[in-house]
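Reviewing the structure listed below.
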Amino acid sequence: RKVSQRAGMSKPLRVLVGVKRVVDYAVRVRVAADNKGVELANVKMSMNPFCEIACEEAIRLREAGVAGEVVAVSIGPKQAAETLRSALAMGVDRVIQVTTDLRLDQELQPLATARLLRAIAEKEEPDLIIVGKQSIDGDNGTTGPMLAELLDWPQATFASKLEVVDDGSAAVVERETDVGTETIKLPLPALISADLRLNTPRYPKLPNIMKAKKKPIETLDAADLGVDLDLANLVLSVNTPPPRPPGVTVADVDQLVDKLKNEAAVL
């Protein structure tokens, strides 16, 4: 794909995007019969929503002439190739699959994931890494910060706006906080984690979906990357929460306050 370079930039950036295969956000998750995790058999899987946002932002950077190449990487079983083909259909240029049979929601933990991504980053030498702020299965939100620390790169988490400035040598990021937003500037290379308001991902067009099925996927074995994948903690059991008791209708504010104070004990 020919990319027009934005005026004033010394060279377009190479952007690496991390994408994860998770249970689709619309699926009602069930606990497996052995209580060792959630049921994954015959369950619809898709790209983690925050990873979709990360992909979209990287593609927009390329379309704006800021990035010259967008590379997506996913770690997981052979079925993760479907997630990478979704990224190709969206518009990324190349994809890399790091294969492992470890469960992504429990056995492949954030530090091990960050170490694998560091190995890919050292191979690809990107100028910018964009990941989702968290995955919707483990909900840890720590892989991005750990990866930045391992690379000794500056990072901006929970990004809601991203702009590359200073001839492609820095980025200005507006990031979400508990009390609003803050804007920071950091030199490149750097890592950005995408929050919900960064953008709205595009829907791939049918011709792009068909083309993505024929594009090559570079495949690497996680075992060959020299990374320690041992568990840092072990999930002993997973259980369905108890059913919520039915609500009640109160007659007036006094009764509401009484129940909140004496029954719910929240006042």
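A few comments on the model shown:
- Placed amide H near Leu220: partners under 5 Å, 5+ positions off or other chain: Gln97, Val98, Thr99
- Cross-link partners for Lys185 among the lysines, with Cα-Cα distance under 25 Å and sequence neighbours closer than 8 places in the same chain left out: Lys11, Lys133, Lys161.
- Whole-percent pair-distance distribution, where bins are 10 Å wide, for the alpha carbons of the chain: 6, 27, 31, 19, 9, 6, 2
- The range 233-267-the range 70-131 distance, computed between alpha-carbon centres (Å): 41
- Accessible surface of the chain, 1.4 Å probe: 51 percent of it comes from carbon and sulfur atoms.
- In summary, the convex hull built on the alpha carbon positions of the range 76-116 has an orientation-averaged projected area of 3.1 nm².
- Accessible surface for the chain, divided over its residues, is 56 Å² per residue with a 1.4 Å probe.
- Rounded to the nearest 20 debye, dipole of the chain from Cβ charges on Lys, Arg, Asp, Glu: 1260
- Solution diffusion estimate, µm²/s, Stokes-Einstein, the range 128-238, Kirkwood Rh from C-alpha pairs, 10 °C, viscosity 1.306 mPa s: 94
- Reachable aspartates and glutamates, given that their alpha-carbon falls under 16 Å from the alpha-carbon of Lys44 and they are not under 8 places away in the same chain: Asp24, Glu82, Asp105, Asp137
The values are calculated or read from the model by the stated rules, or taken from the named source; none is laboratory data. All values reported here derive from a predicted model rather than from experimental measurement. A quick note on method: Cβ atoms are made from the backbone with ideal geometry, for glycine too, and the neighbour counts reach across all protein chains shown. Heads up: the accessible areas ignore ligands, DNA and RNA and are worked out on the full protein's heavy atoms, side chains in. Shrake-Rupley method; radii C 1.70, N 1.55, O 1.52, S 1.80 Å.
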